[in-house]
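Just so it is clear, none of the values below were taken in a lab; they were calculated from the coordinates. These figures come from a predicted structure and were not determined experimentally. Quick reminder, even Gly has a Cβ in these numbers, built from the backbone with ideal geometry, and neighbours come from all protein chains shown.
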Ligand SMILES: Cc1cc2nc3c(=O)[nH]c(=O)nc-3n(C[C@H](O)[C@H](O)[C@H](O)COP(=O)(O)OP(=O)(O)OC[C@H]3O[C@@H](n4cnc5c(N)ncnc54)[C@H](O)[C@@H]3O)c2cc1C
């Protein structure tokens, strides 16, 4: 660790003036309890270096607050490395109507704050930084002509780290936050973390912003909140996201939001084609070539699943595939063993699944090569037999499900099925051999549940009052939505913006 940026170093380097700007209460509390012992001191500590944490810290650095960002893994960027879509919602403006259309449980006050903050962030990024990104009034595009690309995301993350460092901030990787420190009044005045050697280090911080994602990688929390089989869910984000932010917030009196069993994600092939341990993530994420490769694998099924049918362990359909993979995913999490079998035929394989442009390879082959399971058979009867022999799916149920679906698809009546498929464009009969079954589980990108926050991203305590000094962006907080995706990255960044806007205003 670079001790030149230790507490004494920072103060000697001019941070004393910034500390003084905190005002007597915050500074006094910090001085009282942490001044002598802290390894680092700052006006704002950001925990977690995904795009939310990077944007939060950049904003604080821009305002001259000498922030410190700690990131548990070896590299900042998090799940956003793998995005190929948009920072925005789908291909639309972020409007209240669209938010409601995508999530009937969206929370009005938080949604309004989100819309406002997204515009402010976009304008700031465009006007005040040289980030390799274009703000077009709706989206932040980091992928050149595309909305986003793994290469664009890598450049954006690198730029943000250098922007932070050039503007007086500090980025510490391999530093994992685990405990918040409060004073006698319950205000958060710092945090503890493990450094790269596993040594405990202490941060004296007038404000702490939790940007450390959700609990996708905590098997126990997934079993508690999602399903008894929650430990079988996959993750599409950092395996460091073990709910530390949620647990830290709760431990100082933060409240838990609704929606703890809901998430944004997509089906991923099983066995998991993801990095399941922090060690594996650290080893792979440093390689720029790994990122687009993994992106191509991750984003696979989400693009074509709606043309197929998904059956559960009992061989039964359980949701409208046409609603989209990310919506169906939440229902899959409620099925036995959180498992879905995606059933398709050669016609769908050739005409709807096709090839990945990024990996220049047939998508079904990508799954097989990545270690996923694809069963293949010349007839539906044989496929059903294989599904029974290898995965214990009842054969008669599977055959009945496909036969009923095929009949309805041909008659244009799939919307009348017991489990309707409402969009006829996606209702294609499965009848041309060979036939395939892809074994999948949901992969969580971000949890919708988390800590309760207000419209300034302040974490609320039991009495609905903000806990002084504690903020959380929406990856760690919850309550913005409980079902549909209303923009994962854009909401994460927007709440990081709201938190830092409040800190900057307070510190002025
Ligand atoms: C293939 C793919 C495509 C996607 N496409 C889109 C898209 O088109 N549009 C969109 O909006 N979203 C998309 N997403 C989703 C989006 O990328 C994620 O939802 C979002 O980036 C998650 O952000 P987060 O802050 O919750 O978590 P993360 O990005 O994982 O950030 C959290 C960070 O905190 C660190 N951390 C965790 N615990 C600690 C701790 N205790 N101390 C310090 N650091 C810690 C982690 O290592 C991580 O770096 C996509 C995701 C994937 C995988």
- line: Of the convex hull drawn through the C-alpha atoms of segment 410-508, the volume per residue in Å³ is 161
query: What do you get for Rg/Rh of segment 272-332 when both radii come from the Cα atoms and Rh is the Kirkwood radius?
result: 1.11
message: Tell me the angle of helix 51-62 to the major Cα principal axis of the chain, expressed in degrees between 0 and 90 and rounded to the nearest ten.
response: 20
statement: For 288-296, 417-425, 154-162, ranked highest to lowest by mean beta-carbon neighbours within 10 Å, the order is 154-162, 288-296, 417-425
query: Given q = 0.06, 0.08 Å⁻¹, what are the Debye log10 I(q)/I(0) values for the chain, with equal point scatterers placed on the Cα positions and solvent ignored?
result: -0.29, -0.50
query: Taking only Cα atoms, what is the 0 to 90° angle, nearest 10, from helix 395-411's long axis to the longest principal axis of the chain?
result: 90
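FRET efficiency for residue 334 and residue 146, Cβ-Cβ distance as r, R0 = 30 Å, nearest 0.05? List each step's numbers first, then the result.
Numbers: r = 34 Å, r/R0 = 1.14.
Given R0 = 30 Å and the Cβ-Cβ separation, E is 0.30.
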- line: Gyration tensor on Cα atoms of segment 106-194, a ≥ b ≥ c root eigenvalues, a/c under 1.5 rounded, else prolate if a/b beats b/c, else oblate, says oblate
task: Identify the residues of segment 292-312 with backbone N under 14 Å of a label point that sits 7 angstrom from the Cα of residue 418 along the Cα-to-Cβ direction, or state none.
output: 312
Cβ-based exposure ranking for 325, 136, in which fewest neighbours within 10 Å come first: 136, 325
- request: Would you mind checking the tilt of helix 488-507 against the longest principal axis of the Cα atoms of the chain, expressed as 0 to 90 degrees and rounded to 10?
  value: 10
task: Note the per residue figure in Å³ for the convex hull of the C-alpha positions in segment 58-147.
output: 141
query: Quick one: which of 251-260, 273-282, 226-235, 475-484 comes out on top by average Cβ neighbours within 10 Å, and what's the full order, highest first?
result: 475-484, 226-235, 251-260, 273-282
message: Given contacts defined as C-alpha pairs under 8 Å and at least six residues apart, what's the relative contact order of segment 263-444, whole-number percent?
response: 34
task: Could you tell me, in Å, what Rg and Dmax come out for the Cα atoms of segment 233-282?
output: 13.5, 39
message: So if I take the alpha carbon set of segment 263-444, get Rg, then get Rh from the Kirkwood formula, what is the Rg over Rh ratio?
response: 0.97
field: the chain: relative contact order as a whole-number percent, Cα under 8 Å and 6+ apart
entry: 21
